[in-house]
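The values are calculated or read from the model by the stated rules, or taken from the named source; none is laboratory data. On a predicted model such as this, the values are computed, not experimentally measured, just so you know. Cβ atoms come from the backbone with ideal geometry, glycine included; neighbour counts cover every protein chain shown.
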Amino acid sequence: MALINCPECNGKVSNKAPSCPHCGIVFGVVENSNEQNEGWQTIVEATRQLKHGEYEGCPVTITENGELNLSLNASPTRINVYFMHGTSYAEYCVATERLQTSMFEILGDSRQLHYLTELSELNTIQMNKRAFVQPGLYYLVIEFPKSFWTGGLGNAVTNVQVQLIARST
């Protein structure tokens, strides 16, 4: 066991703790293990329902270099999925709330978006992606932009199942 700094409040916390005792942020901890059967650890597993024009961000704290695998299914409508650094998420929230639109529409060019392309996808119903990441605070963002065609259903809803798993490298 080692003490690390919480990425949210900078307080001292065990690298094995599931959350920070000071600020309460929940960690998606990638631990180094000496076990023979070192495997994948679930960080996020959830089912969400998004209304047309909504988004949701889930904080993910990685404490060691690791490999992430992100699986997602959306039904019946396509969504955007972004895996981004914490600072980019703050900018994303301000811009989407102010303009009432998606990040892709704000910047207009996907090359300018500040997210990890290896774990992100636009206009998708299903994805399964894997990438290596460094320690830090990230956000997994799912959005159902107003611009997506819903077949004339103004109050459309889409169901999203997401799983993010990790292992240390």
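Brief remarks follow.
- Some residue of the stretch 29-46 being among the charged types (D, E, K, R), under 24 Å from Ser88 (Cβ atoms) and either more than 19 Å from the chain's Cα centre (by Cα) or modelled with pLDDT of 70 or more (or both): yes
- Number of the exception - Ser120 against (1) out of contact with any helix residue (DSSP H, G or I) (no Cβ under 9 Å at 6 or more places or on another chain); (2) at pLDDT 90 or above; (3) surrounded by fewer than 18 Cβ atoms within 10 Å (Cβ to Cβ); (4) closer than 18 Å to Asn73 by Cα: (3)
- Put simply, of Asn15, Asn73 the only residue that is surrounded by fewer than 20 Cβ atoms within 10 Å (Cβ to Cβ) and modelled with pLDDT of 90 or more is Asn73.
- Checklist (1) more than 12 Å from Leu72 (Cβ to Cβ); (2) modelled with pLDDT under 90; (3) of a type outside the set (Gly, Ala, Ser) applied to Thr158, failing item: (1)
- Checklist (1) at pLDDT 85 or above; (2) under 14 Å from the mean Cα position of the chain (by Cα) applied to Tyr92, failing item: (1)
- For the stretch 123-146, residues that are more than 11 Å from Arg78 (Cα to Cα) and at pLDDT below 85 total 1.
- Scanning the stretch 59-82 for residues that are part of a strand (DSSP E or B) and within 15 Å of Phe144 (Cα to Cα) returns Leu72, Asn73, Ala74, Ser75, Ile79, Asn80, Val81, Tyr82.
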